[in-house]
Amino acid sequence: MSEIANDQRVETWLIGVCQELGLKVTTAEDDFFAAGGTSLSAVKLIDRAEEVFGEDALPPDDLFAESSIRAVASVIQRNQSRPAPLTGS
């Protein structure tokens, strides 16, 4: 599978998780915090990312430094120790 396709799968997964957390995220260009993300929802997102992609898949410093969905997906893609899910969360 190409790296671009895998990035898109991670982006799709992230959008779904953000929506489950009640955030108004619809595209990879959306920003986690601008869409209503808080420190509590950030902790929940980090926890889910670690459950799905492995420990340290989404370090808090990286989420706070670059919080667009596309940037977060890139961080997860770079740090993941498990393959991206095929669909959903």
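Residues that are of a type outside the set (D, E) and more than 12 Å from R48 (Cα to Cα) within segment 11-22 comprise T12, I15, Q19, G22, listed in sequence order.
Scanning segment 61-80 for residues that are part of a helix (DSSP H, G or I), open to solvent by 70 Å² or more (accessible area, probe 1.4 Å) and more than 15 Å from N6 (Cβ to Cβ) returns D61, F64, A65. Pairing each residue of segment 30-42 that is over 11 Å from S68 (Cβ atoms) with any residue that is of a type in the set (D, E) and not in a helix (DSSP H, G or I), provided the two are 6+ apart or on different chains, yields no C-beta distance under 7 Å.
Scanning segment 9-62 for residues being of a type in the set (S, T, Y) and farther than 16 Å from S74 by Cβ gives a total of 4. Being without any contact (Cβ under 8 Å) to a residue 40 or more places away in the chain, crowded, with 17+ Cβ neighbours inside 10 Å and among the β-branched types (V, I, T) narrows it down to one of V52, V25, so name that one. On inspection, the qualifying residue turns out to be V52. Within segment 21-39, being part of a loop (DSSP other than H, G, I, E, B) and within 17 Å of Q8 (Cα to Cα) holds for V25, T26, T27, A28, E29, D30, F32. Within segment 33-49, the residues that satisfy the criterion of being open to solvent by less than 70 Å² (accessible area, probe 1.4 Å) and among the hydrophobic types (A, V, I, L, M, F, W, C) are F33, A35, A42, L45, I46, A49.
The values are calculated or read from the model by the stated rules, or taken from the named source; none is laboratory data. All figures in this text were calculated on a predicted structure; none of them were measured in a lab. Because the Cβ atoms are built from the backbone with ideal geometry, glycine has one as well, and the counts that use them run over all protein chains shown. Each accessible area value is taken on the protein alone, full model and side chains, heavy atoms only, with ligands, DNA and RNA left out. Shrake-Rupley method; radii C 1.70, N 1.55, O 1.52, S 1.80 Å.
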